[in-house]
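*Asks:* Okay, here's the structure, questions in a sec.
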Amino acid sequence: MFICETSISRRLFSSSSRCMTVMPAWVIDKYGSNDALRFTKNASFPVINYPNEVIVKVFAAGLNPMDVSMRGGYGAATLSRKRDPLNIKQSGSEFPLILGRDVSGVIMECGLDVKYFRESDEVWAAIPPWKQGSLAEFVVLSANEVSHKPRSLTHTEAAAIPYVATTAWSALVNTGGLSKDNCTKKRILILGGSGGVGTFAIQMLKAWGAHVTVTCTQNAEHFVRGLGADHVVDYTAGPVEEPLTTLEKFDLILDNVGGDTERWALTLLKPWSGAKYITLITPFLQNMDRLGIADGMMQTAATVATKALKNLARGVHYRWGFFAPSGPALDEIREMVDAGQIRAVVEETFKFSQVPQAFNKLEKGHARGKTVVEINKSDKYY
């Protein structure tokens, strides 16, 4: 009689005896360009290794600029250390690597300690970059990273939200201190407002009563106004800081652009009033890749401390914002979506067979919303 070893090990943490060992997925075997992407029907099936984990059958996967960066090796040193903190495995052990940070699908299997979810629950999640991604038929996640999907959205629509939503939530709520209770009439500036994070942030801030100014191209003005932006500045019409300096100063700036914006953006804040500049474009992972973990951490700490102190002397707060996976944040966002306060912004969808084309589209930049890959049809759970 044949007994599946995978099934035996899984029963230690899961109530299921289901035995599957491989699945279809898009993987990379090395860092590089789009040529590194490879489709396989023999990717390793995810296994529940901890009792608080769930396996999700993927119906749709959202792509983000982070996926393009990771494909090229961005953050490789830091993410490898996160996957293997004791540095036991050989270099390159992350391969074959599955990309994709957004997922919408159905719970297929639950660990023994999972109480909030059941098999067949429709869920969505933002996947941490050190974990295998959603460009596959199945993915394993911690239950605290997962949330029930909004009832008002299809899986394709839902896959456009989690990564940008939890990034914006981490920056604006965790770092910026904003909430639905203190946002009314606050003046917020979003630099680069037509991409994934910007389009979500506009909607959330407007739902909370803020006044939102956005920079984008003239072609995107109608688009961001449709999401609720109160004032729009075209950054292609000349130095964008010039029209911005004529406006009333801001309580918070969210920077999705980077570059030389720090040179002038902090002067747009209200001094000595707790105003904050939060940038999502940081050298954190680049420092780790370039200098190693220890030296990279020291360089990062020195950089952010120097900038924070320099600007604190001017009466404004300088902060870095980071993506942070959070099921509880997605629970709150789900309520806003189902209340009609936030809608999914899907720019283009691709079939599972068209993942390289989806990456090509993403690399062109100037996005107006999200790129989503449809993996499975939602009329078949298993």
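*Asks:* Please list, ordered by chain and number, the residues whose modelled amide H lies under 5 Å from the amide H of Ala125; skip anything fewer than 5 residues away on the same chain.
*Replies:* Val103
*Asks:* With a 10 Å radius around each residue's Cβ, average the other Cβ atoms per peptide and rank 99-109, 143-153, 39-49, highest first. Write down the numbers at each step before the final one.
*Replies:* Values: 99-109: 27.0, 143-153: 20.4, 39-49: 16.5.
Those peptides, ordered most packed to least, come out 99-109, 143-153, 39-49.
*Asks:* At 15 angstrom or more along the helix axis (alpha-carbon based) and mean Kyte-Doolittle of 0.0 or higher, what helices does the chain contain? Whole DSSP H runs only. Show your work: numbers first, answer last.
*Replies:* Numbers: long enough: 196-207 (17 Å, 0.99); 293-312 (28 Å, 0.41); 327-338 (16 Å, -0.36).
Helix filter hits for the chain: 196-207, 293-312.
*Asks:* List the residues whose amide H sits under 5 Å from the amide H of Val233, counting only those 5 or more places along or on another chain, with H placed 1.01 Å from N in the peptide plane.
*Replies:* So Val233 has HN proximity to Val214, Thr215, Cys216.
*Asks:* What is the percent carbon and sulfur in the accessible area of the chain, measuring with a 1.4 Å probe over the protein chains and ignoring ligands?
*Replies:* Details: 9060 of 17430 Å².
Ligands and nucleic acids excluded, carbon and sulfur reach 52 percent.
*Asks:* Can I ask one more? Rounded, prolate or oblate: which fits the stretch 70-191 when a ≥ b ≥ c are the square roots of the eigenvalues of the alpha-carbon gyration tensor, with rounded for a/c under 1.5 and prolate only if a/b beats b/c? Write out the running numbers ahead of the final one.
*Replies:* Values: a/c = 1.96, a/b = 1.25, b/c = 1.57.
Cα axes put the stretch 70-191 in the oblate bin.
*Asks:* What whole-number volume per residue, in cubic angstrom, does the convex hull of the C-alpha atoms of the stretch 126-282 give? Please report the intermediate quantities before stating the final value.
*Replies:* On the way: hull volume 22.4 nm³, N = 157.
In the stretch 126-282, the Cα hull volume divided by residue count equals 143 Å³.
*Asks:* Can I ask one more? Which GluC sites (Glu not before Pro) in the stretch 197-299 sit in a loop by DSSP (not H, G, I, E or B) and have at most 15 other Cβ atoms within 10 Å of their own Cβ? Mind dumping the intermediate values first?
*Replies:* On the way: sites: Glu221, Glu241, Glu248, Glu262; in loops: Glu248.
Here the sparse-neighbourhood loop sites are Glu248.
*Asks:* Using per-residue counts of other Cβ atoms within 10 Å, averaged over each peptide, order 77-83, 59-65 from highest down. Don't jump to the answer; show the numbers that get you there.
*Replies:* Working: 77-83: 17.4, 59-65: 27.1.
So the peptides 77-83, 59-65, ranked by packing, come out 59-65, 77-83.
*Asks:* Say R0 is 25 Å: what FRET efficiency, to the nearest 0.05, do Lys364 and Phe39 get from their beta-carbon distance? Mind showing how you got there, number by number?
*Replies:* Values: r = 22 Å, r/R0 = 0.88.
Rounded to the nearest 0.05, the efficiency is 0.70.
*Asks:* Could you tell me the calculated FRET efficiency between Ala207 and Asn174, based on Cβ-Cβ distance and R0 = 22 angstrom, to the nearest 0.05?
*Replies:* 0.80
*Asks:* Taking a 1.4 Å probe, which of Tyr74, Tyr50 shows the most accessible area, and what order do the others take after it? Provide the component values of the computation, followed by the final result.
*Replies:* Numbers: Tyr74 65, Tyr50 135 Å².
So, going from the largest accessible area down, we get Tyr50, Tyr74.
*Asks:* Determine the gain in length on full extension of the stretch Met297-Gln90; use 0.36 nm per residue of separation and subtract their C-alpha separation, reporting nm with one decimal.
*Replies:* Numbers: separation 207, 0.36 × 207 = 74.52 nm, distance 2.27 nm.
So the chain would gain 72.3 nm between Met297 and Gln90.
*Asks:* With a cut-off of 8 Å between alpha carbons and a minimum separation of six or more residues, what is the relative contact order of the chain in percent?
*Replies:* Values: 830 pairs, mean separation 74.9, N = 382.
Normalised by residue count, the contact order of the chain is 20 percent.
*Asks:* Under a 1.4 angstrom probe, counting protein chains only, how are Phe117, Phe284 ranked by accessible area, largest first? Let's see the in-between values first.
*Replies:* Details: Phe117 10, Phe284 55 Å².
The residues order as Phe284, Phe117, largest area first.
*Asks:* Where in the stretch 222-245 is the amide nitrogen less than 14 Å from a point lying 7 Å along the Cα-to-Cβ axis of Ile281?
*Replies:* The answer is 235-236, 240-241, whose backbone nitrogens lie closer than 14 Å to the label point.
*Asks:* Next question, about the same structure. Taking K and R as +1 and D and E as -1, what net charge do the other residues with C-beta under 10 Å from the C-beta of Lys370 add up to? Don't skip to the end; give the middle numbers.
*Replies:* Details: positive: Arg368; negative: Asp102, Glu157, Glu347, Glu348.
Summing Lys and Arg as +1 and Asp and Glu as -1 gives -3.
*Asks:* Still on this model: Which FRET efficiency, nearest 0.05, do Thr154 and Gln357 yield, Cβ-Cβ r, R0 35 Å? If you can, show how the numbers build up before the last one.
*Replies:* Numbers: r = 21 Å, r/R0 = 0.60.
Working from the Cβ atoms, E equals 0.95.
*Asks:* Also, I was wondering about something else. Under 8 Å for C-alpha pairs, at least 6 residues apart: give me the relative contact order for the stretch 176-320, rounded to a whole percent.
*Replies:* Details: 250 pairs, mean separation 28.2, N = 145.
In percent, rounded to a whole number, it is 19.
*Asks:* Measuring with a 1.4 Å probe in the full set of protein chains, what accessible area per residue, in whole Å², belongs to the chain? Present the calculation step by step, with values, prior to reporting the outcome.
*Replies:* On the way: 17430 Å² over 382 residues.
Dividing the accessible area of the chain by its residue count gives 46 Å².
*Asks:* Give the total of Lys-Lys pairs in the stretch 176-320 with Cα-Cα distances below 25 Å; include a pair only if its members are 8 or more places apart or on different chains.
*Replies:* Lysine pairs meeting the criterion: 25.
*Asks:* Still on this structure, please answer the following. Add -39500 (n - 2.57) for each DSSP H run of 4 or more in the chain, then divide by its residues: what number comes out at 222 nm, to the nearest 500 deg cm²/dmol?
*Replies:* On the way: 13 runs with 111 residues, N = 382.
Computed mean residue ellipticity for the chain: -8000 deg cm²/dmol.
The values are calculated or read from the model by the stated rules, or taken from the named source; none is laboratory data. Keep in mind that this is a model prediction, so the values were computed, not measured. As a convention, Cβ positions derive from the backbone with ideal geometry for all residues, glycine included, and neighbour counts pool all protein chains shown. Side chains included, ligands, DNA and RNA excluded: accessible areas come from the protein's heavy atoms. Shrake-Rupley method; radii C 1.70, N 1.55, O 1.52, S 1.80 Å.
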